[in-house]
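The values are calculated or read from the model by the stated rules, or taken from the named source; none is laboratory data. Everything quoted here is computed from the prediction, not taken from an experiment. Using ideal geometry, Cβ is built from the backbone for each residue, glycine included, and neighbour counts are taken over all protein chains shown.
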Amino acid sequence: MDKKTEIEVEAAAFRNLVQFLQRKTDVTNEDMMKSAGFCRDCLSHWYQSCAESLGMEVNQEQANIKIYGMSSQEWYDKHVAALAITAKQNPQATVKEESKQLSS
């Protein structure tokens, strides 16, 4: 495989990873850190760092939008806070939902 093709394949794999993580809203950053040693925040920091190393100006919020598909505050409000409220109101619902996801 030539270098150009290798870069294209790596870029496609990265895009697929980002899209997958945007869809897997039930997997928290904390879960990812415990099991994989990195999370969406890590990816957004890496994205920003790589862009800067190529001479592009990308701030952290722009990098977050690229990785999360929305601002980090929107992600938190939509996914993290809602999950915490559900778990607090009905802890068994969260356990049942996790069991259902594991069996599918």
Is there any pair with a first residue in region 63-75 that is without any contact (Cβ under 8 Å) to a residue 12 or more places away in the chain and under 11 Å from Ser44 (Cβ atoms) and a second that is surrounded by fewer than 16 Cβ atoms within 10 Å (Cβ to Cβ) and among the hydroxyl-bearing types (Ser, Thr, Tyr) whose Cβ atoms are under 8 Å apart and which are 6 or more apart or on different chains, and what are they?
Ile65/Ser71
Would you check which residues across region 29-48 are over 8 Å from the mean Cα position of the chain (by Cα), surrounded by 12 or more Cβ atoms within 10 Å (Cβ to Cβ) and either polar (S, T, N, Q) or under 19 Å from Lys78 (Cβ atoms) (or both) and list them?
Asp31, Met32, Ser44, Gln48
Single condition Ile7 does not satisfy, out of (1) in contact (Cβ under 8 Å) with a residue 40 or more places away in the chain; (2) exposed (fewer than 15 other Cβ atoms within 10 Å of the Cβ); (3) in a helix (DSSP H, G or I)
(1)
I'd like the residue in region 73-92 that is modelled with pLDDT under 85 and polar (S, T, N, Q) and, out of all such residues, is nearest to the chain's Cα centre (by Cα).
Thr86
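Could you grab me the full set of residues in region 10-47 that are free of Cβ contacts under 8 Å to residues at least 60 places away in the same chain and among the charged types (D, E, K, R)?
So in region 10-47, the residues free of Cβ contacts under 8 Å to residues at least 60 places away in the same chain come out as 10-25, 27-47.
Passing the criteria: Glu10, Arg15, Arg23, Lys24, Glu30, Asp31, Lys34, Arg40, Asp41.
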